[in-house]
Amino acid sequence: QVQLVESGGGLVQPGGSLRLSCAASGSTFSIYTMGWYRQAPGKQRELVATISSGSGSITNYADSVKGRFTISRDNAKNTVYLQMNSLKPEDTAVYYCRCIVRDYWGQGTQVTVSS
């Protein structure tokens with residue numbers, strides 16, 4: 001079983017940046033497609049970005065974050081990242097990483113964008 005632990009959330013002003021990390025246990029991390037999701041208060045959880053297995057050459061983003069967020073992975077560190085730039089108040093949510101094929105989720109990390 002893969003265990004996922006997110007970190008890097010916090011309070012940031014509009015226009016600021018944060019980098020989220022998701023550390024995975026296990027030796028087979030590189031074979032999994034990974035994703036970042038978010039859930040704002042009173043809203044359904046939504047997909048933010050995905051990255052393919054291996055080199056992570058294929059990425060996909062929600063329209064709302066295209067051009068502002070970047071997903072990446074470091075298989076040597078068993079970690080997937082979400083670089084978030086030009087943050088907006090509507091990006092406020094709990095962010096989760098997910099091992100998609102196994103449907104494993106992390107516990108989430110809170111991101112709050114406010115002045």
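Taking a sphere under 12 Å around the Cβ of R45 and counting the other residues whose Cβ falls inside, with K and R at +1 and D and E at -1, yields a net charge of +2.
Scalar couplings 3J(HN,Hα) for segment 78-90, obtained by applying the Karplus form with A = 6.51, B = -1.76, C = 1.60 to θ = phi - 60°, are 6, 9, 10, 10, 9, 7, 10, 10, 6, 5, 10, x, 6 Hz; x denotes Gly and Pro. Surface composition of the chain: carbon plus sulfur atoms hold 46% of the accessible area, using a 1.4 angstrom probe and ignoring ligands, DNA and RNA. When +1 charges are put on Lys and Arg Cβ atoms and -1 charges on Asp and Glu Cβ atoms, the dipole computed for the chain relative to its Cα centre reaches about 40 debye. Shown in residue order for segment 49-63 are the 3J(HN,Hα) couplings computed by the Karplus curve 6.51 cos²θ - 1.76 cosθ + 1.60 at θ = phi - 60°: 7, 10, 9, 6, 5, x, 6, x, 6, 10, 10, 9, 9, 5, 4 Hz (x for Gly and Pro). Other residues within the sphere of radius under 12 Å centred on the Cβ of V80, judged by their own Cβ, net out at +2 (K and R +1, D and E -1).
Please say if segment 29-93 is rounded, prolate or oblate, where rounded means a/c under 1.5 for a ≥ b ≥ c the square roots of the C-alpha gyration tensor eigenvalues, and otherwise the choice is prolate for a/b larger than b/c and oblate otherwise? Taking the square roots of the gyration eigenvalues as a ≥ b ≥ c, segment 29-93 is prolate. Using θ = phi - 60° in the Karplus curve 6.51 cos²θ - 1.76 cosθ + 1.60, the 3J(HN,Hα) couplings for segment 10-17 round to x, 9, 9, 6, x, x, x, 10 Hz; x is entered for Gly and Pro.
How about K77: which lysines have a C-alpha closer than 27 Å to its C-alpha, ignoring those fewer than 8 places off in the same chain? Within the straight-line limit of under 27 Å, K77 reaches these lysines: K66. Summing charges over neighbours of Y96, with a neighbour being any other residue whose Cβ is under 15 Å away from its Cβ, gives +1 when K and R count +1 and D and E count -1. The residues of the chain have, on average, 52 Å² of accessible surface per residue, using a 1.4 Å probe with all protein chains present. By the Cβ distance rule (another cysteine Cβ under 4.7 Å), the unpaired cysteines of the chain are C99. Taking amide H atoms as placed 1.01 Å from N in the peptide plane, the amide H of G108 lies under 5 Å from those of E6, C97, each 5 or more residues away in sequence or on another chain. Placing +1 on the Cβ of every Lys and Arg and -1 on the Cβ of every Asp and Glu, with no other charges, gives segment 30-80 a dipole of roughly 140 debye about its Cα centre.
Farthest toward the positive end of the dipole of segment 19-68, out of S57, P41, S27, is the Cα of P41, where the dipole comes from beta carbon charges about the Cα centre.
Can you give me the long-range amide H partners of F69? Hydrogens built in the peptide plane at 1.01 Å from N, cutoff under 5 Å, separation of 5 or more residues or another chain. Sorted by chain and number, the residues that satisfy this are N85.
The values are calculated or read from the model by the stated rules, or taken from the named source; none is laboratory data. Keep in mind the model is a prediction, meaning the values are calculated, not measured. FYI the Cβ positions are ideal-geometry reconstructions off the backbone, even for glycines, and counts take in every protein chain you see. What goes into the accessible areas is simple: the full protein's heavy atoms, side chains included, and nothing from ligands, DNA or RNA. Shrake-Rupley method; radii C 1.70, N 1.55, O 1.52, S 1.80 Å.
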